[in-house]
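Here's the structure, in structure tokens; my notes come after.
The values are calculated or read from the model by the stated rules, or taken from the named source; none is laboratory data. These figures come from a predicted structure and were not determined experimentally. Here Cβ is always computed from backbone atoms with ideal geometry, including for glycine, and neighbour counts include all displayed protein chains.
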């Protein structure tokens, strides 16, 4: 017997797309950040397949390690599939597609559909994700940039540099109106995804500030950089503190239904770093059960902005 | 084009074995516990394939969720492949084999070999793991038991119960001398894997005790139980505190080479739990660079023993 058997089996749909059937295992679901880590791994796989680049062991032209770093990660939760709502044994049909985005970056879109929906196994169209998402599905948008350390051993200065075999010319282009570049640029400038509050969002309560010491046990990835998925856990740690200060219980936090989450990554850090995280809450006047957390993470020593997050949670579903 | 393309492709070698080629991705390596989580997922996959049981969505005869819980997890690091030594892009040949171990439990053995070794893709023999391991390879031994909650919503009382479709009769038996049952039973009774210190190990310094509050953001899995891989991070958190008290730096901790680690799981916990972790250090008289940490994790409120760990680290390699 020699049949293929795995909780994941990926196959290419066309030159820019991968599709896979996934049985949700403990290592890809939780209240934590495992699902974001797994989606990120799918991004690397999809880029490796679409760009014929050794993404996992990439090198700069000078032979130093190059990383396909996460610059912006957005996820939209659906009614059936949302980030903290996955359970062991859930079966998903995951479709991933890679788009060109300049010579040193790439955009990857993912759709996580309940396998039972039986959606067509065709390349994911940007219009579906940005304009008419299926209400049951989770969608993710990853904007990755090639980086390398400017100084060996330090995570503080990272520069943009792509490996010489990064081949993006054959990838489809993301239509301009969907480009997250302006949104992310503004969030970086303002330290917030809500500098221009979306219509119908009003401030809810005062800002909360707390500190977080980089967790040497958990927050560093296999390359010694702060792991992109850990930023989700770090922001969640700050958010949980706010929820507790409002008298909300841990059980409600664990059941939270994230309908939209954006994270912008603007800096990394070395062991010993301490972060200051500011959380501002917003609520929707149109849908009072929707609450947004607008969070900025800064290096406590230098004040440098390292990351920004915007999370929208449906409290009625939590 | 419709070729299979993934960082993991598993196939069955015989009725009890899976083999896969793995390209190490960010989601399966770090200083943290991702590699243990991934090995655990491979255990579930291997058991699902070998026992023709829906391990990921198993149910008790009464229809309640049943979990193939981790009761004992041992890993032995090799010269080339060790738990915290994996890097992005490393290519591994992973061989997994499932053995029967009574009507409600199972033992799964894994070998993670550097793909470049080109080891034969044959079923893993217990004698190789227990008696003549390849010096370059990482070996893991998982002893899993079927459990279910005795009371819905509580993690404190878990009972042993297997799903009715758990089919283990065709599995090979683990030869008795290799059974970890006595070792684990003694560790549970004594609260230590070192109650009878192995020859050549002598105590090093006083015991350290610290507290750890269950991390609601990170420690619970998709079933709301404390995640088996999180126990590794919790013990590492206690160990890092000890290392820091000895003046050892974070960089040395991150480079640590684990040559042997055993974790016994004897209880779970609910959100709000606080743990007391006691760490005793031992060193080897024969190989002074080998230091062992002998750790017990108890519920601070009740004193109940929840887990025990023994970790052997080669300080010269760290």
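The table that follows gives values for the structure above.
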quantity: Filter result (under 17 Å from the mean Cα position of the chain (by Cα) and within 25 Å of residue B:216 (Cβ to Cβ)) within segment B:240-267; calculated: B:263, B:264, B:265, B:266, B:267
quantity: Of all residues making up segment B:18-43, the number that are outside any helix (DSSP H, G or I) and either under 14 Å from residue A:33 (Cα atoms) or within 9 Å of chain A (Cβ to nearest Cβ) (or both); calculated: 10
quantity: Those residues of segment B:186-220 which are touching a strand residue (DSSP E or B) at 6+ places or on another chain (Cβ under 9 Å) and farther than 30 Å from residue B:315 by Cβ, in sequence order; calculated: B:214, B:220
quantity: Long-range neighbours under 7 Å by Cβ, at least six apart or interchain, first residue at the interface with chain B (Cβ under 7 Å from one of its Cβ atoms) within segment A:220-232, second crowded, with 24+ Cβ neighbours inside 10 Å and modelled with pLDDT under 95; calculated: A:220/B:30; A:220/B:31; A:221/B:30; A:222/B:30; A:227/B:30
quantity: Any chance residue B:244 is at pLDDT 95 or above and part of a helix (DSSP H, G or I); calculated: yes
quantity: Residue match in segment B:133-145 (condition: in the same structural domain as residue B:101 (by TED's automatic domain parsing), surrounded by fewer than 19 Cβ atoms within 10 Å (Cβ to Cβ) and under 24 Å from residue A:34 (Cα atoms)); calculated: no
quantity: Checking residue B:159 against (1) assigned to a strand (DSSP E or B); (2) assigned by TED's automatic domain parsing to the domain that holds residue B:52; (3) surrounded by 12 or more Cβ atoms within 10 Å (Cβ to Cβ), the condition it does not meet; calculated: (3)
quantity: Residue in segment A:289-306 that is in a loop (DSSP other than H, G, I, E, B), closer than 22 Å to residue A:83 by Cβ and either in the same structural domain as residue A:262 (by TED's automatic domain parsing) or free of Cβ contacts under 8 Å to residues at least 12 places away in the same chain (or both) present; calculated: yes
quantity: Matching entry among B:236, B:215 (being part of a loop (DSSP other than H, G, I, E, B) and either closer than 13 Å to residue B:273 by Cβ or facing chain A (nearest Cβ under 7 Å) (or both)); calculated: B:215
quantity: Selection status of residue B:247, surrounded by fewer than 17 Cβ atoms within 10 Å (Cβ to Cβ) and within 27 Å of residue A:225 (Cβ to Cβ); calculated: yes
quantity: Any pair with Cβ under 7 angstrom, 6 or more apart, that starts in segment B:247-260 at a residue that is farther than 15 Å from residue B:82 by Cα and ends at one that is surrounded by fewer than 17 Cβ atoms within 10 Å (Cβ to Cβ); calculated: B:250/A:272
quantity: Matching option when the condition is within 14 Å of chain A (Cβ to nearest Cβ), buried (at least 22 other Cβ atoms within 10 Å of the Cβ) and in contact (Cβ under 8 Å) with a residue 40 or more places away in the chain, among B:123, B:83; calculated: B:83
quantity: Filter pass, residue B:164 being in contact with a strand residue (DSSP E or B) (Cβ under 7 Å, 6 or more places away or on another chain), in the same structural domain as residue B:67 (by TED's automatic domain parsing) and either modelled with pLDDT of 95 or more or farther than 21 Å from residue B:308 by Cβ (or both); calculated: no
quantity: Single unsatisfied condition, residue B:143 versus (1) in contact (Cβ under 8 Å) with a residue 12 or more places away in the chain; (2) assigned to a helix (DSSP H, G or I); calculated: (2)
quantity: Sole residue being under 20 Å from residue B:305 (Cβ atoms) and away from chain A (no Cβ under 14 Å), chosen from B:200, B:264, B:247; calculated: B:264
quantity: Test: residue in segment B:2-15 that is in a loop (DSSP other than H, G, I, E, B), out of contact with any helix residue (DSSP H, G or I) (no Cβ under 8 Å at 6 or more places or on another chain) and within 7 Å of chain A (Cβ to nearest Cβ); calculated: yes
quantity: Selection from segment B:47-71 of residues that are part of a helix (DSSP H, G or I), touching a residue at least 24 places away in the same chain (Cβ under 8 Å) and under 20 Å from residue A:92 (Cα atoms); calculated: B:49
quantity: Residue in segment A:114-121 that is touching a strand residue (DSSP E or B) at 6+ places or on another chain (Cβ under 7 Å), assigned to a strand (DSSP E or B) and assigned by TED's automatic domain parsing to the domain that holds residue A:41 present; calculated: yes
quantity: Residue within segment A:175-193 that is under 17 Å from residue A:264 (Cα atoms), under 22 Å from the mean Cα position of the chain (by Cα), at pLDDT below 95 and buried (at least 16 other Cβ atoms within 10 Å of the Cβ) present; calculated: no
quantity: Residue count for segment A:87-115, restricted to those that are within 13 Å of chain B (Cβ to nearest Cβ), at negative phi and over 16 Å from the mean Cα position of the chain (by Cα); calculated: 6
quantity: Condition met for residue B:309 (buried (at least 17 other Cβ atoms within 10 Å of the Cβ), within 14 Å of another protein chain (Cβ to nearest Cβ) and in a strand (DSSP E or B)); calculated: yes
quantity: Test for residue B:114: is it modelled with pLDDT under 95 and under 21 Å from residue B:38 (Cα atoms); calculated: no
quantity: Selection status of residue B:279, over 19 Å from residue B:296 (Cα atoms) and either facing another protein chain (nearest Cβ under 10 Å) or in a strand (DSSP E or B) (or both); calculated: no
quantity: Output for segment A:205-241, where each listed residue is at pLDDT 95 or above and at positive phi; calculated: A:224
quantity: Residue within segment A:227-239 that is over 19 Å from the mean Cα position of the chain (by Cα) and surrounded by fewer than 21 Cβ atoms within 10 Å (Cβ to Cβ) present; calculated: no
quantity: Selection status of residue A:127, assigned by TED's automatic domain parsing to the domain that holds residue A:47 and within 21 Å of the chain's Cα centre (by Cα); calculated: yes
